[in-house]
Amino acid sequence: MTSEATQNSSPGRILIIDDDKTIGGMVQAVLNRFQYQVRWAETGATGLSELTSFSPDLVLLDVSLPDMDGVEVLHQMRMIFPKVKIIMMTGFHDDNLTQQARNEGVTDFLDKPFTVQELIDLVSGYFPTPPAT
C-alpha cells in the first residue's frame, strides 16, 4: 500500500505506521493532497522495513499495532535513524506510555480522533516549506 508523489515537488517524506485502514487511508490521502511523499505501513515490522528503504523526514506512528506496540517500534526506529522526527498517534491517554515514548525520543503526540486541520497544522510545522493546497 504505497503511494508516492514526485520527490521534486514534495515538501517532505512521511511514513505512516497504523493498522487502522480508515485512519491510515485518510491520513495518506490528506497528506498526498498536500503534495507530501507518503508511504503507509500497517504493522511495526513493515514500518521498520519502510524506514530503511524510504528514509522519511517524519513518521506518524500509532501506539497500538498488531505485531508490536508503538513504543517498541519507536525504540527500534531510534536505533536505525536516531534523528527522524516521530509523532505518536494515540486514542487513549496513559501517563506511563507517554513518558516511555518521550524517553525514546518521540517529538509530538496526535490524539485520535483528530481533524484534517489538526493533522496538517501539526505535520506542516516539521517542514520549512508549507504544503501546497
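Derivation of every value follows stated rules applied to the coordinates shown; laboratory data play no part. Please read all numbers here as calculations on a predicted model, not as lab measurements. When we count neighbours, we look across all protein chains shown, and the Cβ atoms used for this are built from the backbone with ideal geometry, even at glycine.
What the table below lists for this structure:
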quantity	calculated
Net dipole in debye of the chain [+1 Lys, Arg Cβ; -1 Asp, Glu Cβ; about Cα centre; nearest 20]	520 debye
Convex hull volume per residue for segment 2-124, taking Cα atoms only, in Å³	92 Å³
Cα coordinate range in segment 86-132, projected on the principal axes (Å, largest first)	37, 22, 8
Rh (Kirkwood; distinct C-alpha pairs) - segment 38-78, Å	10.1 Å
